[in-house]
Amino acid sequence: MTRYRYYTATTLDGFLADDTDSLAWLFKQHIDDDGPGNATQFIAGVGAQVMGATTYAWILEHERSWLPQMPTFVFTHRELEPANEHVSFLAGDPTRHRTAIESAAGDRDVWIMGGGDLAAEFATAGMLDEVLVSIAPVTLGAGRPLFGGAFDLALQECDRNGDFVVARYDVVGPLKNP
Ligand SMILES: NC(=O)c1ccc[n+]([C@@H]2O[C@H](COP(=O)([O-])OP(=O)(O)OC[C@H]3O[C@@H](n4cnc5c(N)ncnc54)[C@H](OP(=O)(O)O)[C@@H]3O)[C@@H](O)[C@H]2O)c1
């Protein structure tokens, strides 16, 4: 069964990027590429990627070596050009696209890359199984949020990699107050 996994780095105060979409705070951190929570191991289990329009624009502008090499669904309301044959565009409720996303992923996982509102849209749709975060020892005070909704999670694993705390959570469901 397809697992939907939100895998990302975040600041301690829960931001994916600053207000200008800069990741300078992230790239200055030390990480062991073979250590716990490493990207190579994670990506080996991924069959399709999902991201929002800002994240896609950031890759196009700043890091074209990260252009998708597997089926990748960019959520946008805009008419955009696909950067290569792996990219296609979707809009609206993720449940409408479940069949397309899961058939693209095959027997592998779906990587929800972000941003945080899109991850929450998938969680609301019941299409988010896990959150895997690498927490950098930095706060920004403002920026692009890690998550755009109120959910209960259950901590499954926690480790250290270089400067980062790496943690894996199961998504339990919408936040229930006691
Ligand atoms: N720290 C990390 O490891 C990490 C990971 C991922 C991303 N990032 C960064 O974090 C930032 C995230 O940006 P962001 O918060 O703006 O989030 P985003 O998800 O990348 O982009 C948000 C945009 O996606 C589109 N969108 C989202 N849901 C949609 C839906 N259901 N239907 C149609 N379009 C939809 C909308 O764009 P339109 O309506 O304008 O088309 C929306 O404004 C970026 O700077 C990115 O580079 C960092």
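The values are calculated or read from the model by the stated rules, or taken from the named source; none is laboratory data. These numbers come from a predicted model, not from an experiment. A quick note on method: Cβ atoms are made from the backbone with ideal geometry, for glycine too, and the neighbour counts reach across all protein chains shown. Heads up: the accessible areas ignore ligands, DNA and RNA and are worked out on the full protein's heavy atoms, side chains in. Shrake-Rupley method; radii C 1.70, N 1.55, O 1.52, S 1.80 Å.
The lone criterion from (1) modelled with pLDDT under 95; (2) crowded, with 17+ Cβ neighbours inside 10 Å; (3) within 11 Å of the ligand (Cβ to nearest atom) left unmet by Leu80 is number (2). Per the listing Asp129, Asp152, the residue uniquely more than 16 Å from the ligand (Cβ to nearest atom), open to solvent by less than 80 Å² (accessible area, probe 1.4 Å), in contact with an Asp or Glu (Cβ under 8 Å, 6 or more places away or on another chain) and at pLDDT 95 or above is Asp129. Report, by residue number, each residue of the stretch 37-80 that is within 17 Å of Tyr7 (Cβ to Cβ) and among the charged types (D, E, K, R). Of everything in the stretch 37-80, just one residue is within 17 Å of Tyr7 (Cβ to Cβ) and among the charged types (D, E, K, R), namely Glu63. Restricting attention to the stretch 92-112, and to residues there that are open to solvent by less than 40 Å² (accessible area, probe 1.4 Å) and touching a helix residue (DSSP H, G or I) at 6+ places or on another chain (Cβ under 9 Å), which single residue is nearest to the ligand (Cβ to nearest atom)? If we take residues in the stretch 92-112 being open to solvent by less than 40 Å² (accessible area, probe 1.4 Å) and touching a helix residue (DSSP H, G or I) at 6+ places or on another chain (Cβ under 9 Å), then Pro94 is nearest to the ligand (Cβ to nearest atom). Restricting attention to the stretch 59-77, the residues being more than 10 Å from the ligand (Cβ to nearest atom), surrounded by 17 or more Cβ atoms within 10 Å (Cβ to Cβ) and not in a loop (DSSP other than H, G, I, E, B) number 2. Please find, within the stretch 2-21, the residue that is most open to solvent (accessible area, probe 1.4 Å) out of those that are modelled with pLDDT of 95 or more, more than 8 Å from the ligand (Cβ to nearest atom) and in a loop (DSSP other than H, G, I, E, B). Looking at residues that are modelled with pLDDT of 95 or more, more than 8 Å from the ligand (Cβ to nearest atom) and in a loop (DSSP other than H, G, I, E, B), I get Leu12. Scanning the stretch 37-58 for residues that are of a type outside the set (Val, Ile, Thr) and open to solvent by 50 Å² or more (accessible area, probe 1.4 Å) yields Gln41, Ala44. For the stretch 161-178, a residue qualifies if it is closer than 13 Å to Gln29 by Cα, assigned to a strand (DSSP E or B) and in contact (Cβ under 8 Å) with a residue 60 or more places away in the chain, and the qualifying residues are Asn161, Phe164.
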